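Working notes, structure below.
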Amino acid sequence: MSSTAAGWLQAALLVVALVAVHKPLGDWMARVFTTDPVPEGPKSRLRPVGHWRVERLVHRAVGVDADTEQRWPVYLRSVLAFSLVSVLALYLLQRVQQWLPLDNEMAAVEPGSAWNTAVSFVTNTNWQGYSGESTMGHLVQMAGLAVQNFVSAGVGIAVAVALVRGFARSGTDRLGNFWVDLTRALTRVLLPLAVVATVVLVLGGVVQNLSSGTDANTLVGATQFLPGGPVASQEAIKELGTNGGGFYNANSAHPFEGPSAWVSLFQVFLLLVIPFSLPRTFGRMVGDRRQGLAIVGVMAGLATASLALTSWAQARAGGAALQLAGAATEGQEVRFGGPLSALFGTATTLTSTGAVNSMHDSYTPTGGMLVLANMMLGEVAPGGVGSGLYGMLVLAVVAVFVAGLMVGRTPEYLGKKLGRREMTLASLYVLVTPVLVLTGTAVAVATDTGLGSLLNSGSHGLSEVLYAFTSASNNNGSAFAGLSANTPFYNTALGLAMAFGRFLPIVLVVALAGRLATQGKAPVTAGTLPTHQPLFVGLLGAVVLVVVGLTYFPALALGPLAEALA
Amino acid sequence: MSALRSGRQLVAAVRALLVATVVLGLAYPLVMTGVAQLIAPARADGSLVSVDGSVVGSSLIGQSFTDEDGDPLPEYFQTRPSASDYDGAASGGSNLGPNSEELIAAVGERRADVAAFIGVAESEVPADAVTASGSGLDPDISPEYAALQVRRVAEARGVPVDDVQALVTEHTDGRDLGFIGAPHVRVLELNLALDQRFDAES
């Protein structure tokens, strides 16, 4: 079988699996998050479900009244308080790991790196300036990093659910209870899926032990260190929660994280499954499944186009070094091969995961530009767990507004009038990441400190910096790893980009949700723009591409585009 | 009033994180470790390969087959170039860009070296033989690279080419399920089989 044919069969198997799972999982999540005492929509058959006994225990331990819903400012304060506490706790844990058990004789993490890593994991970015096997003990990996892998994904789901409730509800100032939503995201979605995924990964050869490593005497009489660690349990949630932070430096390219090709394909499935199921959840909760279908249609269309382009670009050896070698195998594992590496690279940058099974910095110029452009889409196709859905819904608001301007009517989406306040929030949302990416990159390349970290010079050097700020601001976390980012400048600057890139959009989304929930529902009339038909799918896709194109084209032209055309 | 409410959220946040740390950060990984050690202990421990009770490596992790000076040993199948020299404590790729001068020079040098070492034309050297992997620990080489090395290994060991070829075939995996990933040759196990099979001769 040719490599290309095998590549398309892999992608086809993935699509079949996602289509099969998104319905039950999406419906399940819709049931889980239907918590208000009144049915959510006229066509919805969802009924609120009660707390599980174990969840009541959690609510008691947390000290919240689980049956009281929150207004949007309180919901937001809960999100921010939880994230703030998480950053501080994770920072502290890294700083004192040498005094705790299971430290594997690792020293305290340096302050700059610890701050960067704490922000990185709490914001669901998992940018890694450090090398896992030589920095983090098992306790920090388990009780620090993996915990944030779970809860940051839970926060993403909670915020997405709050926005969906904003559309679904009318005439109320209540959005739900953050603590209940977070708990349910963990007890009913993330933890059960992670347990199943861990078992599959272990059977596939991913390591899961508490050993601090083994010294092997190799065939030629040398000594080789073989690391240990509770990797599979972390790998499972790293993909499921679209986190992406590798246990080891080489991430999913490391044979102990990605031992075989089918395991790697399974990991791609894990990182796509929740983001592609949430639109179904959205459709069910607003009482019109077709609305979810339209959203998932845009996501799938963009993802397919990106995969086709990246696979094509990676199959041809672009760039002088790769042409000399004969194929784009630098930074690539033999067992995965070209098509699976391109598939993983596409999926990880479209989902804000940032795990890698091949090194993006060594991709062909066109391939490297495409994975960079994937992140520039704003992580909405399908995006991170939760953040992909709320990002795409905000873009849908923008698309409806654009359509409204064309026909001269007040725009409405799902019966909600989009007035000045709503559009201000949506517009600010769209602006946050580009401002962070472009200012960050500009500052870095204008200073000697910023330029000092580049491995590659010229346009590829600019691409490395642009990639870093794009990855951080969009909470992706993958890297053109030639950039030595573990310096005070990049630890601080990228840390800020990650924090603002995560929480400013969340503030705007929760505020938008609160505003939408208070509105009544406008009746559907002959003049209402149908938002479940191919026309709208096309319009929304175009809005995503135009916004990205206009924003980033100049920067892309100076970096990867210049390199590809050189 | 607002400060009081924020304070209440902070207290809830601290308690929530504590619960999460105990359940997700300790119970979950420890229970999963127990389950893994129960259902697949060898794999959970890193698929270690032992000879006479001593660990010689992991079937998943590549190693280099060179002498103390770093020169390739002709009696062993050679693995790919590694950005970390197969150091298990420092995984990673070169991260050199596709037009990097350093990478162009490295690829050119490796091509000449591999071609001279095997005794083939430079144009026959496959891409995986001259490029570093993403992990720096790639355990595999392409069937093309293995095929080129068969004659050299057989000569160095003074054994029939067909016998070496048979072992290569035995240690070659196709794509998973016929279409996932790429065909590859497991080098450590292959070299180990060579040693065990031809111990008397070498």
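The values are calculated or read from the model by the stated rules, or taken from the named source; none is laboratory data. Quantities reported herein were computed from a predicted structural model and do not represent experimental measurements. Positions of Cβ are generated from backbone atoms using ideal geometry, with glycine treated the same way; all protein chains shown enter the neighbour counts. Each accessible area value is taken on the protein alone, full model and side chains, heavy atoms only, with ligands, DNA and RNA left out. Shrake-Rupley method; radii C 1.70, N 1.55, O 1.52, S 1.80 Å.
Quick rundown of the values:
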read-out: Those residues of segment A:529-566 which are closer than 23 Å to residue A:428 by Cα and outside any helix (DSSP H, G or I), in sequence order; value: A:531
read-out: Contacts under 8 angstrom Cβ, first residue in segment A:433-450 being exposed (fewer than 15 other Cβ atoms within 10 Å of the Cβ), partner among the hydroxyl-bearing types (Ser, Thr, Tyr), 6 or more apart; value: A:449/A:487
read-out: Among residues of segment A:350-382, those that are of a type in the set (Ser, Thr, Tyr) and over 17 Å from residue A:156 (Cα atoms), counted; value: 5
read-out: Residue in segment B:35-47 that is under 30 Å from residue A:182 (Cα atoms) and either of a type outside the set (A, V, I, L, M, F, W, C) or without any contact (Cβ under 8 Å) to a residue 12 or more places away in the chain (or both) present; value: yes
read-out: Conditions (1) free of Cβ contacts under 8 Å to residues at least 24 places away in the same chain; (2) farther than 15 Å from residue B:138 by Cα: number failed by residue A:254; value: (2)
read-out: Qualifying residue in segment A:213-224 (condition: assigned to a helix (DSSP H, G or I) and either more than 8 Å from chain B (Cβ to nearest Cβ) or within 17 Å of residue A:132 (Cα to Cα) (or both)); value: no
read-out: Extreme residue, surrounded by the most Cβ atoms within 10 Å (Cβ to Cβ), among residues of segment B:101-133 that are part of a loop (DSSP other than H, G, I, E, B) and at the interface with chain A (Cβ under 9 Å from one of its Cβ atoms); value: B:133
read-out: The listed residue being touching a residue at least 60 places away in the same chain (Cβ under 8 Å) and open to solvent by 10 Å² or more (accessible area, probe 1.4 Å), out of A:249, A:217, A:243; value: A:249
read-out: Residue A:180 being under 19 Å from the mean Cα position of the chain (by Cα), surrounded by 23 or more Cβ atoms within 10 Å (Cβ to Cβ), of a type in the set (A, V, I, L, M, F, W, C) and more than 9 Å from chain B (Cβ to nearest Cβ); value: no
read-out: Total residues in segment A:103-114, condition under 23 Å from residue A:209 (Cβ atoms) and open to solvent by 60 Å² or more (accessible area, probe 1.4 Å); value: 2
read-out: In segment A:523-566, the residues that are of a type outside the set (A, V, I, L, M, F, W, C) and open to solvent by 30 Å² or more (accessible area, probe 1.4 Å); value: A:523, A:525, A:527, A:528, A:530, A:532, A:533, A:534, A:538, A:549, A:551, A:554
